[in-house]
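Bear in mind that the values in this text are calculations on the coordinates, not laboratory data. Computed from a predicted model, the values in this text were never measured in an experiment. Heads up, the Cβs are rebuilt from the backbone with ideal geometry, glycines too, and the neighbour counts pull from every protein chain shown.
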Amino acid sequence: MMVGKGGVMAHLGTTDVVEVQRRIDAGDEFAALVLDSMAYQAAKEIGAMVVALEAEVDAIILTGGLTYSQRIVDSIKQRVDKLAPVHVFPGEDETWAMAGGALRVLRGTEEARLYK
């Protein structure tokens with residue numbers, strides 16, 4: 001459930017946000033509820049992090065496949081844009097970032113970090 005089978009997939013049977021938006025546009029109220037709930041939860045977590053960081057936040061970055069949904073982006077921004085500027089980078093570039101980090105370690109330009 002934690003990898004690939006939770007979230008939108010668990011509730012709607014797809015991870016394709018374009019498909020989910022199509023359903024919403026066709027009147028699927030449950031699909032709208034799922035996306036709106038996810039946006040609400042994300043905004044709550046961002047707010048929690050602002051508190052944990054003692055309000056020293058330079059920017060809020062939204063990324064991942066769900067940021068292709070303007071509905072989600074607008075819902076999150078509406079709640080958190082008073083805390084810090086919000087920047088949106090749609091797509092799932094996390095894998096590229098991890099690969100880049102591994103390459104820097106292999107090339108010796110960065111030391112590997114151990115997290116315990």
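Enumerate by residue number the trypsin sites (Lys or Arg not before Pro) in region 1-98 meeting two conditions: DSSP loop (anything except H, G, I, E, B), and at most 10 other Cβ atoms within 10 Å of the site's Cβ.
Lys5, Lys82
Given a cut-off of under 8 Å on Cα pairs at least six residues apart, what relative contact order in percent is computed for region 7-107?
It rounds to 26 percent for region 7-107.
Starting from 0.36 nm per residue, how many nanometres of slack lie between Asp16 and Leu106 once their C-alpha separation is accounted for?
Result: 28.9 nm gained on full extension.
Could you give the length gained on full extension between Tyr40 and Met9, defined as 0.36 nm per residue of separation minus the Cα-Cα distance, in nm?
9.4 nm
Rank-order 45-51, 11-17, 55-61 by packing density, defined as the average count of other C-beta atoms within 10 Å over each peptide's residues, highest first.
Averaged packing, sorted descending, gives the order 11-17, 45-51, 55-61.
Would you mind calculating the gained length between Asp28 and Glu56 on full extension (0.36 nm times residue separation, minus the Cα-Cα distance), in nm to one decimal? Don't skip to the answer; put the middle values down first.
On the way: separation 28, 0.36 × 28 = 10.08 nm, distance 3.95 nm.
My answer for the length gained is 6.1 nm.
Which residues' amide hydrogens lie under 5 Å from the amide hydrogen of Val88, considering only partners 5 or more residues apart or on another chain, with H built in the peptide plane?
Leu62
Give me the Debye-computed log₁₀ of I(q)/I(0) at q = 0.18 Å⁻¹ for region 7-107, equal point scatterers on Cα only, no solvent, two decimals.
Cα-only, vacuum Debye calculation for region 7-107: -0.91.
What chymotrypsin sites (Phe, Trp or Tyr not before Pro) in region 38-116 are in a loop by DSSP, with at most 11 other Cβ atoms within 10 Å of the Cβ?
The qualifying sites are Tyr115.
Can you list which of the DSSP-assigned H helices in the chain have a Cα extent of 30 Å or more along the long axis and an average Kyte-Doolittle score of at least 0.5? Walk me through the numbers on the way to the answer.
On the way: long enough: 29-52 (34 Å, 0.98).
Helices meeting the span and hydropathy rule in the chain are 29-52.
Quick check: Cα centre of region 77-106 to Cα centre of region 26-65, how many Å?
Value for the Cα centre distance between the two parts: 14 Å.
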